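The values are calculated or read from the model by the stated rules, or taken from the named source; none is laboratory data. Predicted model, so just to flag it, every value in this text is computed and none were measured. Heads up, the Cβs are rebuilt from the backbone with ideal geometry, glycines too, and the neighbour counts pull from every protein chain shown. Surface accessibility is based on the protein's heavy atoms, side chains included, excluding ligands, DNA and RNA. Shrake-Rupley method; radii C 1.70, N 1.55, O 1.52, S 1.80 Å.
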Protein chains: 2
Amino acid sequence: MTYGCIASMKTKPGFRDEVASLLLGAADGLRGAGCDLYLVGLADDDEVTIWVTEVWRSKEHHDASLTRTDARTAIGRAMPMLTGDFTKQELSVAGGLGL
Amino acid sequence: MTYGCIASMKTKPGFRDEVASLLLGAADGLRGAGCDLYLVGLADDDEVTIWVTEVWRSKEHHDASLTRTDARTAIGRAMPMLTGDFTKQELSVAGGLGL
């Protein structure tokens, strides 16, 4: 089964759209790195939480992607806008519709 | 923006694969009901938690899908295998790769 990950992060007030744009910009290069899904969602019940659901061919592909220059640049730009509140749930993908 | 939802449920011990199969079986009919993504994942850090990430054309499409006969049948079959521990996070989908 392929590797999945559901993560959340909280931004400082007023910065959620900018962080979401950074994440979406970095997503462009992920397909070639082994990513099949990279979904960015904004929590409906507050103004600061972002949820990201990812599916990768393997955990190794995911981990390697974090060393990419574009990923590191995006992370570096986003970090000052984040509070440091993160959650992360690793998954084995059982399947589904739309992958 | 389209409607997203990240939900988790816990199964009674030994029933996770069966519940996941039920969810995946019910997913077949969702495309025509306005669903663009229905991802079923098994938590890597226990044996009982299932995570589902969904993207729908609208919240109304999502809510209407729960009244479908096949969905109600699957829910009815799954419920006795679940503990009643659920989480649900509703989202506005900002975008991403693979949708």
>> For the interface of chains B and A, what total accessible area is buried with a 1.4 Å probe, rounded to the nearest 100 Å²?
In response: 2700
> In deg cm²/dmol and to the nearest 500, what is the mean residue ellipticity at 222 nm of the protein assembly as shown if only DSSP H runs of at least 4 residues count, each as -39500 (n - 2.57), divided by the residue total?
Replying inline: -8500 deg cm²/dmol
> Quick one: in chain B, whose Cβ comes closest to the B/A rotation axis, and how close in angstrom?
Replying inline: B:T53, 2
> Of the accessible area of chain B, with the probe set at 1.4 angstrom, what percent is carbon plus sulfur?
Replying inline: 54
> What are the distances, in nm and sorted shortest first, from the label point of A:R31 to the label points of the same position in each other copy, with each label point placed 7 Å from Cα along the Cα-to-Cβ direction?
Replying inline: 1.8
> Counting Lys and Arg as +1 and Asp and Glu as -1, each charge on the Cβ, what is the dipole of chain A about the Cα centre in debye, to the nearest 20?
Replying inline: 340
> Mind checking the dipole of the protein assembly as shown: about its Cα centre, +1 per Lys or Arg Cβ, -1 per Asp or Glu Cβ, Debye to the nearest 20?
Replying inline: 160
> Along the positive direction of the dipole of the stretch A:3-92 (beta-carbon charges: Lys, Arg +1; Asp, Glu -1; about the Cα centre), which of A:L82, A:H61, A:S21 reaches farthest?
Replying inline: A:H61
> Using a 1.4 Å probe, what is the accessible area per residue for chain B, in Å²?
Replying inline: 48
> Relative contact order for chain B using alpha-carbon pairs under 8 Å, separation at least 6, rounded to a whole percent?
Replying inline: 47
